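Student: Questions regarding the structure given below will be posed in turn.
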Amino acid sequence: MKPVLIFSGNNNRAVISFCRFATKKNIPIYIVANGPQDIVFKTDYSGFVIHTRPKNIINISDILHYASLVKKLGEQSSIVILPSTEYINRLLVSEEKKLQENYIETGLCTADLYNQISNKYSFSQLCKQSNFDVPTDYEQQPDKFPFVIKPKEYTDRNLSISNPAIIQNSSELNEYLNGKFESDFYYQDYIPGRSIYFLYHISKAKNYSVYSQENLVQQPNGGSMLVAISSDIHENQLSEEYANMLISKGFFGLIMIEFKFHDNRFYMIEANPRLWGPSQLILDAGMNLFDQWAHEVGLSNSIRKLDYKRDTYYFWNGGVTLESLPNKQLKFYSFFNESIFIAQYEKLSKLEIYNKEDTKDIFDSSKL
């Protein structure tokens, strides 16, 4: 069986979820840690670490070096690299030819298409052209608050990476744009309503699996999702329409598409063609997305038939801070609110993604 090279230290929740999947399926994994403080050293997967790289430093020469090492250790001529983070994925797709020459598989589509989908502005324009609903765009600051500001591309002209932000007033906008060029960003209407993910794996053969999660609690200002639940919202015809659009463009691989549901319409917010943070829900709810990806890249000969479980909860305790609760800075969606969250906190903690034997040290250190 081909081994999998994993770059840990970023998107940790997704990486650890995949490690759980891989070890259960006896897929050999080899991890390159991201500095000595990498969270992977607090898990049962520390024994799979073959090297610790300088923190947040990686280039194609490094990747080829680690790939060669994994081939020797795994006694295989070809390997797979897990498409775990945006930075790693963009580096991989930009070096597709070198990877092919060295028998390295990623399950990622072409660089041009990957970037078009991952860049927020270009994917929004693509969705508009396909007659999907997206928030209204503005090149100049809208005349009312709140609104959202987003980078047009992955990096701005300062080579900096900026996250989207919900802007409540002029002071917040000035702080966000400090030292930046406004033309590197664009504005969108802020859309209230329910928060929903469509979760896909699309194969090169143009087949796909799709599931959904409804988000219930989010970190302040559009941060990571803290509480979510598996749902049947993907049974809406829209999930098929988005899949067909992606397939028509030649996309394949894993992808999450985020929506806001408001006034009976699904507004596309952004897409992430990589592993996403709440990936533990793939395992707990019986989604076959990792199985599909593993089969696509040659890690397994068959795809398990799983029993999908709706209403399965996802909870990340480590993303909740003591300050966020009394200040009511957390964002609550749908039927959830602060009272429900506090009342169910103990129950949710039993389901917390790190409250498992392989990651007990992480869970214990993150308790409020």
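Here, each number is a calculation from the coordinates, and none is a lab measurement. A quick note: this is a predicted structure, and the numbers were derived from the prediction, not measured. Glycine gets a Cβ as well: all are built from the backbone with ideal geometry, and neighbour counts include every protein chain shown.
Student: Check every DSSP H run in the chain and write down those whose alpha carbon atoms cover 15 angstrom or more along the long axis and whose mean Kyte-Doolittle hydropathy is -0.5 or greater. Present the calculation step by step, with values, prior to reporting the outcome.
Tutor: On the way: long enough: 12-24 (18 Å, 0.19); 60-74 (20 Å, 0.57); 237-248 (17 Å, -0.09).
Sorted by number, the helices that extend far enough and score high enough are 12-24, 60-74, 237-248.
Student: When DSSP beta bridges are limited to those with both residues in the range 10-167, what percentage is antiparallel, rounded to the nearest 5?
Tutor: Details: 3 of 9 bridges.
Of those bridges, close to 35 percent are antiparallel.
Student: Say a site is exposed when it is one of the GluC sites (Glu not before Pro), sits in a DSSP loop, and has at most 10 other Cβ atoms within 10 Å; what is then the longest site-free stretch of the chain? Let's see the in-between values first.
Tutor: On the way: sites that count: 75, 139, 323.
Maximal segment without exposed cleavage sites: 140-322.
Student: Right, next: Considering the zone a paramagnetic label at residue 101 would reach in this model (a point 7 Å from Cα along the Cα-to-Cβ line), which residues of the range 77-95 have amide N under 15 Å from it?
Tutor: 94-95
Student: Taking θ as phi - 60°, what are the ³J(HN,Hα) couplings along the range 212-225 by the Karplus curve (6.51, -1.76, 1.60), each to the nearest whole Hz, with x for Gly and Pro?
Tutor: 8, 9, 9, 8, 10, 9, 10, 4, x, 6, x, x, 6, 7
Student: Now for a separate question. Among 155, 43, which comes first, then next, by fewest other beta-carbon atoms within 10 Å?
Tutor: Values: 155 13, 43 25.
Fewest to most other Cβ atoms nearby, the residues stand as 155, 43.
Student: Continuing with the same structure: Please state the shape class of the range 194-366: rounded when a/c is under 1.5, otherwise prolate if a/b exceeds b/c and oblate if not, all from the C-alpha gyration tensor.
Tutor: Working: a/c = 2.21, a/b = 1.42, b/c = 1.56.
Here the range 194-366 falls in the oblate category.
Student: Alpha carbon centre of the range 26-70 versus the range 192-210: separation in Å?
Tutor: The distance from the Cα centre of the range 26-70 to that of the range 192-210 comes to 29 Å.
Student: In addition: Quick one: grab the alpha carbon gyration tensor of the range 136-189, order the square roots of its eigenvalues as a ≥ b ≥ c, and give me rounded if a/c is under 1.5, else prolate or oblate depending on whether a/b is larger than b/c. Walk me through the numbers before you get to the answer.
Tutor: Numbers: a/c = 2.00, a/b = 1.46, b/c = 1.37.
Prolate.
Student: A follow-up question, please. Out of the range 260-307, which trypsin sites (Lys or Arg not before Pro) are coil in DSSP terms and have no more than 14 other C-beta atoms within 10 Å?
Tutor: On the way: sites: 260, 265, 274, 304, 305; in loops: 274, 304, 305.
In loop regions of the range 260-307 (DSSP not H, G, I, E or B), the sparsely surrounded trypsin sites (Lys or Arg not before Pro) are 304, 305.
Student: Using the Cα gyration tensor of the chain, with a ≥ b ≥ c the square roots of its eigenvalues, what is the shape: rounded (a/c below 1.5), prolate (a/b larger than b/c) or oblate (neither)? All intermediate terms of the calculation are to be shown ahead of the outcome.
Tutor: On the way: a/c = 1.41, a/b = 1.25, b/c = 1.13.
Because its axes are fairly even, with a/c under 1.5, the chain counts as rounded.
Student: With a 10 Å Cβ neighbour count serving as the proxy for reagent exposure, in which order, fewest first, do 238, 281 appear? Walk me through the numbers before you get to the answer.
Tutor: Working: 238 18, 281 27.
Going from least to most buried by this count: 238, 281.
Student: Fewest to most neighbouring Cβ within 10 Å: what's the order for 177, 348? Provide the component values of the computation, followed by the final result.
Tutor: On the way: 177 16, 348 20.
Going from least to most buried by this count: 177, 348.
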